[in-house]
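Notes follow once the structure below has been shown.
The values are calculated or read from the model by the stated rules, or taken from the named source; none is laboratory data. None of the values given here were measured: they were computed from a predicted structure. No Cβ is skipped: glycine too gets one built from the backbone with ideal geometry, and neighbour counts run over all protein chains shown.
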Amino acid sequence: MCLAIPARLVELLPGEQAIVNLGGIRKIISVALIDDAQVDDYVIVHVGHAIGKIDPEEAARTLALFGELAQSQVAPKARA
C-alpha cells in the first residue's frame with residue numbers, strides 16, 4: 001500500500017526542489033513532476049516527490065482526518 005499526504009509549499013529551491021510544511025515539519029522534496037508549482041500551493045507528497053496539486057479545502061479535510069486517526073491510535077493512560 002502507498003501513502004501520499006498533502007503538504008503546503010513554503011519555499012521553491014533551485015533544481016526543481018521545494019520545502020514543504022508537513023504538520024509543522026519542513027522537508028525538502030522534488031517538484032519535478034509539477035509543471036507550475038508555486039509557494040502556498042498544496043501538493044500530494046509521496047516518497048519525497050510532489051505528484052500532484054490538491055485543492056486547499058481538500059487538503060485541510062484530509063489533514064483533519066489524519067489528525068483524527070492519530071488521536072484514535074493514542075492508548076488511554078493506565079489508571080492507578
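Taken over the range 20-46, the residue count meeting the criterion of being without any contact (Cβ under 8 Å) to a residue 40 or more places away in the chain and either surrounded by fewer than 16 Cβ atoms within 10 Å (Cβ to Cβ) or among the charged types (D, E, K, R) (or both) is 15.
Only one of the numbered conditions (1) aliphatic (A, V, I, L, M); (2) buried (at least 16 other Cβ atoms within 10 Å of the Cβ); (3) part of a helix (DSSP H, G or I) is violated by A60, and that is (2). Pairs are defined by a Cβ separation below 6 Å, a sequence spacing of at least 6 or placement on different chains, a first member in the range 7-18 that is more than 18 Å from L63 (Cβ to Cβ), and a second member that is of a type in the set (G, A, S) and surrounded by fewer than 15 Cβ atoms within 10 Å (Cβ to Cβ); the pairs so defined are E16/A32. Checked against the criteria, A64 does not count as under 13 Å from the mean Cα position of the chain (by Cα) and at pLDDT 95 or above. Scoring A4 on the criteria (1) surrounded by 15 or more Cβ atoms within 10 Å (Cβ to Cβ); (2) out of contact with any Cys (no Cβ under 8 Å at 6 or more places or on another chain); (3) modelled with pLDDT of 90 or more leaves a single failure, condition (3).
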